[in-house]
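The values are calculated or read from the model by the stated rules, or taken from the named source; none is laboratory data. Keep in mind the model is a prediction, meaning the values are calculated, not measured. Note: ideal-geometry Cβ built from the backbone for every residue, glycine included; neighbour counts use all protein chains shown. Heavy atoms of the whole protein, side chains included, go into the accessibility calculation; ligands, DNA and RNA do not. Shrake-Rupley method; radii C 1.70, N 1.55, O 1.52, S 1.80 Å.
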Amino acid sequence: MKTDINEFIAGLENRTPGEGVFHQAVEEVIESVWDFYQKNPRYQRAKILERMVEPERVIMFRVPWVDDRGEVQINRGYRVEFNSALGPYKGGLRFHSTVNLSILKFLGFEQTFKNSLTTLPMGGGKGGSDFSTKGKTDAEIMRFSQSFMTELYRHIGPNTDVPAGDIGVGGREIGYLFGQYKRLKNEFTGVLTGKGLGWGGSLIRPEATGFGAVYFAQHMLHKIGKDIEGQTISVSGFGNVAWGAITKINELGGEVVTISGPDGYIYDPEGIKGDKVEYLLELRATNNDIVEPYAEEFGAKFIPNKRPWEVAVDMAMPCATENEVDETDAKQLVSNGCKMLAEASNMGCTTKAVEYLSEHIDYAPGKAVNAGGVAVSGLEMSQNSMRINWQREEVDARLKEIMKNIHETCVNYGGSGNKTNYVKGANIGGFVKVADAMLAQGIV
Ligand code: 2IT
């Protein structure tokens, strides 16, 4: 009955050929929890891990729409309902040209553990489409979102599956998606999170992923006798997560010197602060997905086709997409004196980068660091159920408490000595709650 870890991974790869990033996400978790799993025969008897790597349900659908020139366009829509042991499926929708089943399975798998770490009652899911908002008009984005929801609506609901935003899906898209859901169902419910403040959204939700990531980083720093104040920090991306993180870092006295886009990165040694932070929102609203205009606007340096990890900093916070830090980047960061990497993107580092970083500096994975986003989504669900709105201070206080608890969970399971293994801590911490709930709920 005992399988070994290599057999387990080989079996997974055979059953799911070509799903590289999904395998990467599973391997990282399996390696962390394997010993713990072996010591608990009750988990093994119930084949908890074997069940965890199989999504409960995968929905794939055609999304036809008509562009502004009258031409018919076809995209593919997805929702991966991964695990509902702890609550309704919960997780974002990604609209990006790179989206495929493997990416959404990796994100849905990660989401299950992340949501568990928040301690809020949410299962794990993820969805999206290979539709890109880049270069699209508002009207096109609306028609696409309406067509997407015309299929998705029958699979989701406030007690079934509650999507939110991710890359390419922000307040505008959530608005169009919500409008179409409401029209089709004739129900005003909390079926999506990240809604506008006037119609069921929560204060702090837009900032939550970035704020939460900085709160987490602050706990990591405090543990080794440091603080955000005075740190020079490199950030990647220029979207919602980067914006939130930069805002909070500035407030706490740190200095962010880089942001990046698919076209290259910006080096601004004077710090990305004041008007420059607001400008990030403008840049995003252009739908062009390039960061270079920042350099012209503020006289900073633009380095085309490179990633920001070559800049010497005290701490790095990837805020863009998966595998954006590889082993070479990791080595360069460390040799330039970087002491900590807190991953605000999902699986921002390659496996080799994680290994190298964990050996040399403090490294914490996305599922712990960026859990503040989905945590405030959970708080938005609570407010919707109670039909009330909490004040900004109340949401922020709850977010802080949740991030503190996640950090404690990581330390509990990942070692409280000089060096915490945050990967192990987050993976075991997230695993235990889901596994126990699955045990209690029988073979389903
Ligand atoms: O990766 C993530 O945690 C998100 N995109 C947010 C998910 C959510 O349901 O708020």
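In segment 142-170, how many are surrounded by fewer than 19 Cβ atoms within 10 Å (Cβ to Cβ) and more than 15 Å from PHE131 (Cβ to Cβ)?
So the count comes out to 7.
Within segment 367-398, which residues are among the hydrophobic types (A, V, I, L, M, F, W, C) and under 30 Å from VAL29 (Cβ atoms)?
Here is the first cut: in segment 367-398, the ones among the hydrophobic types (A, V, I, L, M, F, W, C) are 368-369, 371, 374-376, 379, 381, 386, 388, 390, 395, 397.
Result: ALA368, VAL369, ALA371, VAL374, ALA375, VAL376, LEU379, MET381, VAL395.
May I ask you to list the residues in segment 340-364 that are open to solvent by 10 Å² or more (accessible area, probe 1.4 Å) and within 16 Å of the ligand (Cβ to nearest atom)?
Selection gives ASN346 alone.
Looking only at segment 165-222, count every residue that is within 16 Å of the ligand (Cβ to nearest atom), farther than 11 Å from ASN240 by Cβ and small (Gly, Ala, Ser) and tell me the total.
8
State whether one or more residues within segment 224-241 are within 16 Å of the ligand (Cβ to nearest atom) and open to solvent by 40 Å² or more (accessible area, probe 1.4 Å).
Let us first name the residues in segment 224-241 that are within 16 Å of the ligand (Cβ to nearest atom), namely 236-237, 239-241.
This time we only want the ones that are open to solvent by 40 Å² or more (accessible area, probe 1.4 Å), so: 240.
The answer is yes, given that some residue of segment 224-241 is within 16 Å of the ligand (Cβ to nearest atom) and open to solvent by 40 Å² or more (accessible area, probe 1.4 Å).
Can you pull out every residue in segment 38-86 that is assigned to a loop (DSSP other than H, G, I, E, B), at pLDDT 95 or above and over 20 Å from GLY128 (Cα atoms)?
Going residue by residue through segment 38-86, those that are assigned to a loop (DSSP other than H, G, I, E, B) are 39-40, 46-47, 53-56, 67-71, 84-86.
Subsequent filtering for residues that are at pLDDT 95 or above retains 46-47, 53-56, 67-71, 84-86.
If the condition is that a residue be assigned to a loop (DSSP other than H, G, I, E, B), at pLDDT 95 or above and over 20 Å from GLY128 (Cα atoms), then ALA46, LYS47, ASP68, ARG69, GLY70, GLU71, ALA85, LEU86 are the ones that fit.
Please count how many residues of segment 320-335 are of a type outside the set (Gly, Ala, Ser) and outside any helix (DSSP H, G or I).
Number of matching residues: 6.
This table checks each residue for (1) among the small types (Gly, Ala, Ser); (2) more than 15 Å from the ligand (Cβ to nearest atom); (3) buried (at least 20 other Cβ atoms within 10 Å of the Cβ).
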site: VAL334; (1), (2), (3): no, yes, no
site: CYS338; (1), (2), (3): no, yes, yes
site: GLU401; (1), (2), (3): no, yes, no
site: ILE406; (1), (2), (3): no, no, yes
site: ASN418; (1), (2), (3): no, yes, no
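Take the residues of segment 374-398 that are aliphatic (A, V, I, L, M) and outside any loop (DSSP other than H, G, I, E, B): which is nearest to the chain's Cα centre (by Cα)? Reasoning before the result, please.
Step one: filter segment 374-398 for residues aliphatic (A, V, I, L, M), giving 374-376, 379, 381, 386, 388, 395, 397.
Okay, now just the ones that are also outside any loop (DSSP other than H, G, I, E, B), so 374-376, 379, 381, 386, 395, 397.
On the way: VAL374: 8, ALA375: 11, VAL376: 13, LEU379: 17, MET381: 18, MET386: 26, VAL395: 19, ALA397: 21 Å.
Selected residue: VAL374.
Anything in segment 87-102 that is away from the ligand (no atom under 11 Å from the Cβ) and either over 18 Å from THR209 (Cβ atoms) or in a strand (DSSP E or B) (or both)? List them, or say none. If you could, list the steps in order and put the result at the bottom.
Looking only at segment 87-102, we keep the residues that are away from the ligand (no atom under 11 Å from the Cβ), and these are 87, 95-102.
The answer is GLY87, PHE95, SER97, THR98, VAL99, ASN100, LEU101, SER102.
Scan segment 318-353 residue by residue and report those that are in contact (Cβ under 8 Å) with a residue 24 or more places away in the chain, among the polar types (S, T, N, Q) and farther than 17 Å from GLY373 by Cα.
The first filter runs over segment 318-353 and keeps only residues in contact (Cβ under 8 Å) with a residue 24 or more places away in the chain, leaving 318-327, 329-331, 333-334, 336-353.
Checking the rest, the ones that are also among the polar types (S, T, N, Q) come to 321, 323, 336, 345-346, 350-351.
Scanning segment 318-353 gives ASN323, ASN336, THR350, THR351.
Spot the failing condition for GLY274; the list is (1) open to solvent by less than 70 Å² (accessible area, probe 1.4 Å); (2) under 24 Å from the mean Cα position of the chain (by Cα), and only one is missed.
The failed condition is (2).
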